[in-house]
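Here is the structure we will look at, set down as structure tokens.
The values are calculated or read from the model by the stated rules, or taken from the named source; none is laboratory data. If you're wondering where the values come from, they're calculated on a predicted model, not measured in any experiment. Virtual Cβ from ideal backbone geometry, glycine too; neighbours counted across all protein chains shown.
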Amino acid sequence: MDENIQDVVIIGAGPSSLAAAIYTTRENINTVLFEKSAIGGMAAITDRIDNYPGFPDGIEGFELTDLFRKQAERFGAKIEFGSVSAIRGDGKFNYVTVDDKEIKAKAVLIATGNGYGKIGVPGEAEYYGKGVHYCATCDGAFYKNKKLAVVGGANSAIQEAMFLARFASHIDIIVRSSIKASEVLKEKLQEFIDKGQISVHLGAMVEEIIGENGKVSSIKLSSDGGESIILTDGVFVFTGHQPNTDFLAGSGIELDAEGYVKTDDDFQTNIAGVFASGDVRSGSIRQVACAVGEGAKVSRSIREYLGLSKKI
């Protein structure tokens, strides 16, 4: 094989990517992964993962994804840091632009996952990193004995609010409609509420993030009762995610209305030799276990596309 041609280029190094790499590399399929930020993706910065099989007491996100990484590298996966800006195909090969260098590949797997969802209010962009955050495990420790606001009411928001309670003196959770977390998390949340550590504001929306002296000082809320101001030292936003697919603009790869990558049942996109798996794929169930399963399944499709018959 021409050493300048990769068998498989995987874009991203989250759970789905690493799982796929474990399966491809153990079949001696040359595989290189390109990651622009953190190995393990969003899962790696999750404080605790309680629903991944095999860990009855839960496991830290970084620890779990680091195990994935070690296993993939043991089989020969190459993980490199680099930002992918484009994909193009010529009918025979696909070309991935990484940090302005073009990599030729027989097959490409897009497994770039999600990014943080924004609430799009005044002050959010202005005070990013100055009191506005999207990762509790990354930035929570800076707020020891401080007041915090958490925006969101689904599983991730409730999990992260309880994690932040380790540091903060008090947390206000702002929920647009109702708490949509699992029953287990609701029960745990109630314990924090009963202790006075967390307050929940249902039917409320953040209208503005207000700052003083270059950092967040309060938030303006609106609800059926009118407008109100809550004093806070920081705002953590957990309102869902957005697919990391901006780099696919102009590639011809089909996306759904929300920007997720469309695939067939074999995880192949409309472009020959380009596949997608995990949270970035349209219709995926956005859980770590599901992303890992898709990584294993897409590896079979890639193997078949490459014309290899050996079963995984």
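The lone criterion from (1) buried (at least 18 other Cβ atoms within 10 Å of the Cβ); (2) outside the structural domain of Leu231 (by TED's automatic domain parsing); (3) not charged (D, E, K, R) left unmet by Ala165 is number (2).
Among Glu80, Glu126, Glu160, which is more than 21 Å from the chain's Cα centre (by Cα) and among the acidic types (Asp, Glu)? It would help to see each step written out before you state the result.
Values: Glu80 fails: more than 21 Å from the chain's Cα centre (by Cα); Glu160 fails: more than 21 Å from the chain's Cα centre (by Cα).
After applying the criteria, what remains is Glu126.
Going by the structure shown, is Val32 out of contact with any helix residue (DSSP H, G or I) (no Cβ under 8 Å at 6 or more places or on another chain) and not hydroxyl-bearing (Ser, Thr, Tyr)? Judged against the criteria, Val32 is a match. Only one entry in Ser251, Ser282 is polar (S, T, N, Q) and out of contact with any Phe, Trp or Tyr (no Cβ under 7 Å at 6 or more places or on another chain), namely Ser251. Within segment 289-312, is there a residue that is assigned to a helix (DSSP H, G or I), over 18 Å from the mean Cα position of the chain (by Cα), surrounded by 23 or more Cβ atoms within 10 Å (Cβ to Cβ) and hydroxyl-bearing (Ser, Thr, Tyr)? The answer is yes; a qualifying residue exists.
Residues that are under 15 Å from the mean Cα position of the chain (by Cα) and of a type in the set (Gly, Ala, Ser) were ranked within segment 225-275; the one that is farthest from Tyr116 (Cα to Cα) is Gly259. Remark: pairs (first residue in segment 7-19, in contact (Cβ under 8 Å) with a residue 60 or more places away in the chain; second residue in a helix (DSSP H, G or I) and of a type in the set (Asp, Glu); Cβ separation under 6 Å; 6+ apart in sequence or on different chains) = Ser16/Glu294.
Against the test of being closer than 22 Å to Phe93 by Cα, surrounded by 14 or more Cβ atoms within 10 Å (Cβ to Cβ), of a type in the set (D, E, K, R) and in contact with a Ser or Thr (Cβ under 9 Å, 6 or more places away or on another chain), the options Lys220, Lys262 yield a single qualifying residue, Lys262. Of the helices (runs of 4 or more DSSP H) lying entirely inside segment 88-195, those containing at least 2 residues that are free of Cβ contacts under 8 Å to residues at least 40 places away in the same chain and touching a helix residue (DSSP H, G or I) at 6+ places or on another chain (Cβ under 8 Å) span 155-164, 183-194.
Looking at Phe55, Phe75, which is the one that is without any contact (Cβ under 8 Å) to a residue 60 or more places away in the chain, over 21 Å from Ile302 (Cα atoms) and over 18 Å from the mean Cα position of the chain (by Cα)?
Sole residue among the options that is without any contact (Cβ under 8 Å) to a residue 60 or more places away in the chain, over 21 Å from Ile302 (Cα atoms) and over 18 Å from the mean Cα position of the chain (by Cα): Phe55.
Which one of these does Lys118 not meet: (1) surrounded by fewer than 16 Cβ atoms within 10 Å (Cβ to Cβ); (2) at pLDDT below 95; (3) farther than 22 Å from Ile45 by Cβ; (4) not hydrophobic (A, V, I, L, M, F, W, C)? Failed condition: (3). Hey, any hits in segment 259-269 for a residue that's acidic (Asp, Glu), at pLDDT below 95, outside the structural domain of Tyr128 (by TED's automatic domain parsing) and more than 23 Å from Val150 (Cβ to Cβ)? Within segment 259-269, none of the residues are acidic (Asp, Glu), at pLDDT below 95, outside the structural domain of Tyr128 (by TED's automatic domain parsing) and more than 23 Å from Val150 (Cβ to Cβ). In segment 1-21, the residue that is modelled with the lowest pLDDT out of those that are surrounded by fewer than 24 Cβ atoms within 10 Å (Cβ to Cβ) and not acidic (Asp, Glu) is Met1.
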